[in-house]
Structures are given as structure tokens and as C-alpha cells.
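Throughout, read-outs are computed from the coordinates displayed, never taken from laboratory work. Not measured: the values here are computed from a predicted model. Please note: Cβ atoms are built from the backbone with ideal geometry, for glycine as well, and neighbour counts cover all protein chains shown.
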Amino acid sequence: MEKAKNIMNANNLTRMVWALAALLMSIAIILVVTRQTSSSNRDVSECVSVVAVESGDTLSGLLLEQGLTHNDVNVIAKVLKSDADIATLRADRDRLEFVRAHDTAPVSKIVVVPSPWRQVELTCGADGVWNCKTVDIERDTRAVYRSGEILDGDSFYLAGQRAGVPAGILVDVYDLLAFEMDFERDVRAGQKFWVVYEENFSEGKKIDNGRVLAVSFEALRGEVQMYRFRKSDGTTGYYDAEGNGAIKSLKRTPINNAKVTSSFSKKRKHPVLGFTRAHKGVDFRASTGTPIPAAGAGRVVARSYNRGHGNYVKIRHNGSYETLYAHMSKFAKGVNVGTTVRQGQTIGYVGSTGISTGPHLHYEIIKDGVHVNPMTVKLPAISNLGKDDKKKFIEYRQKLDDGIEQLKKRPELYIQL
Ligand SMILES: [Zn+2]
């Protein structure tokens, strides 16, 4: 009988990639050929058992199961804490590997894998002492380009999925664009968008997605563009094409993807009261119990009930802005008058308390004591660039744009970071 031959060499893929060389600052387009390599250099006689940490597992329990002594368990726990800063194992995330010289030999090496990018190796020396070493896995990050178009009856999510943008990246993109766009009224069939984001690889295998590097959306009011950029002080943020801070101190729509059911207006017929009066906020439809995130960082100045608003929270933000959230079914734990909240922190849950026809969030922005339209008010940026950083940003952005132009023509390529 003919022996099956190893023809795995046919699997050696060669790929052309565009490389973003050296620092993020200088984009040079380099032709790189990558080849998949087999990387197993483990001793074949070794016996390895892999244990995925499940809920209820403890480090000591797992070690004892593998035949380690109580003394070993204590030493290993101590070394892991002091040398690798690992005190507890996380269910559904961490993985342990136990290495033995052969089937029945005692464990001579333990590998703790707390992330795809980090391995902690514990080895037992001849003297019985456990040594700990942390190995950082080399990461190969690529910037990939995806583009799409809104079709009739589409949502941005659907169009993004069709364009091949992963769900996690889409959520981040939505969060970013929500600072500049009203998804309810700014999205129309025919609008085009693109996203550049990171994909992380290890030894040619994709491990996870990274961050959004740039995004563009043809909104009704014009093209919205945002670029991620690292300032000279090491902090990163998103900026528009001119280098103005894109992350605003407040969000126009606190709840992602919630439909606007009633807009801000100076005059409207109240659905319950029947007479005409101003609607000082925007209503977002959402089901009871949906968490309501704070639109911006600030301090809670009211957490109360009144006939009209039902349960409501009011937050004072830095500067002259206040926001109000009404009709809550309940308040979030720990949110009281005087509590400091961060942007996105849950302050309460959607409900229909007060004068309301059904579960929704009624959201108001008050600027210097006057109610303003959350959808159109010009909001202050959290961080702007200084003169030097702005100059660097513009250079970086122009080079990245050049790279993106290439990717528009050849979307199957990527930028090597
Ligand atoms: Zn309302």
C-alpha cells in the first residue's frame, strides 16, 4: 500500500502585503512575502495536558488534580503572584498546560496562558525549586481596510456586517461616529463608509482584532472622518481630518442604536397631556431595563422622582453642561446625589415612570441653564492637540491616507504595522 505523503507544503501561502514601516509616522510601502511555518519544537516524547479554566476552578484545585503536592501548590501560588502578578485564574479565559517527561512522570513544567500574547512558564528545577518566567508572544499587527455602502432599508450595523467588519469593531465604530452623527436621521441609502482597523496575528495565525485606526462616513452634513493618533505625551485619542478632538465631552445618543421616537422641538402636542408644549429633549425607544449610560463624565446633582419625569437623574458635567435622563424604571446601584460618574457608566435603567406612553429614555442637554437640541448642539472636545502634535498629526494622517488610497484599489492587501 502506498504511504500517504505529506503534501502540506502546498499550504505555504505567499502573500503580498503593504508595509507601514518603522514608526507610525513614516509610511513606506514595502513588498513583504510571508510564509506559514510550522513552529512545533516540542520534544515528541513529552506529555502535555491542557486545561481550560472553568467557573469554580481554583489554582490549588487544578494543581492538586495534576498530582502536585500541597507544598508545591503553595510555592507555585506564591511565585505566580510575586513574579507574574497572577493571583487568581479567570474562568473561560485562562488556560494551563502541564508538561511531563512521559505519561507517568511528575509535572516538570506548568504554562499559564492568561492572554494570547503572554505565557507564564513555571519550571521545576532538579533542586525542587519552581522558577517563573514570563514570555511575551510576538505580535504581528496588520491594518486592514473594509468599505461598504448603506442600502435601502439598511442599518449601519447591517451594512457594516456585509462589508466584513467584525461585530466588536462595528460597536467601536458606532461609539465613535455617535459623537458626530445622529444615526436615526443621518443615515441614508447610497452613503459610503470605510473602516481601517487592526488584526493581530501570531505566527501567521489571526488571534484577535485590535483597535479602530480610522473611519470615514458620508453623513448628510458632510464626510465624518476620525483617526486614532498618539500624542507626544503618550496618550491616544481620535481626531478629525484637521486634528480637532473627535471624542466629545457628551454623547448625543446615550443608548447605542436606539430609535428616536420624538425629537427636540419648541412646540409639540404632548402624547399624554394632549396640549401643545415644548419637548425639551429627545426620546429614544428602548425596552424596560436597558442600561442607561452617562452621556459624559460628571457629578450626579439630582436623583429623584417627579410627576412628569418619573425617576430621573441629572448630571453636571465639566463646564456649562448638564444632562437629564427621565422615566427610569430604577436607578443604578451606587448612583446618588454627589456621585462622580464616568462617560458610559450605567446610571439607571429604561422604564416608563412619570408621564410616559411606554418604555423610553427621555434625554435632555442643558447648556448654561438653557435646553438645547442634543442632536445638533456643538459639543466640546475632550482633548485637542497642541501646536506640535497637530503638525505631527497632519503628517501622519496624510501618510495614512496615502496608504488607504492604495488599499481602496487593492482591499485584499493590508498595511503592516
Ligand atoms: Zn421626552
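As a proxy for reagent exposure, I315, I404 were ordered by neighbouring Cβ count within 10 angstrom, fewest first; the result is I404, I315. Listing S287, S147 from fewest to most neighbouring C-beta atoms within 10 Å gives S287, S147.
When Rg and the Kirkwood radius Rh are both evaluated on Cα atoms of the range 53-136, their ratio Rg/Rh stands at 0.93. Calculated [222 nm] ellipticity per residue, helices only, for the chain: -5000 deg cm²/dmol; basis is -39500 (n - 2.57) per DSSP H run with n ≥ 4, divided by all residues, nearest 500. Remark: for residue pairs K251/K409; K192/K367; K248/K390; K78/K333; K333/K378; K206/K392, the C-alpha separation exceeds 27 Å in K251/K409; K192/K367; K78/K333; K333/K378; K206/K392. Shown for M181, M375: other C-beta atoms within 10 Å of each C-beta, ranked fewest to most, produce the order M375, M181. Rounded to the nearest 20, the Cβ-based charge dipole of the range 53-136 about its Cα centre (Lys and Arg +1, Asp and Glu -1) stands at 140 debye. Angle check, please: helix 167-177 long axis (alpha carbons) against the longest principal axis of the chain (alpha carbons), in degrees 0 to 90, nearest 10. Compared with the principal axis, the helix lies near 40 degrees.
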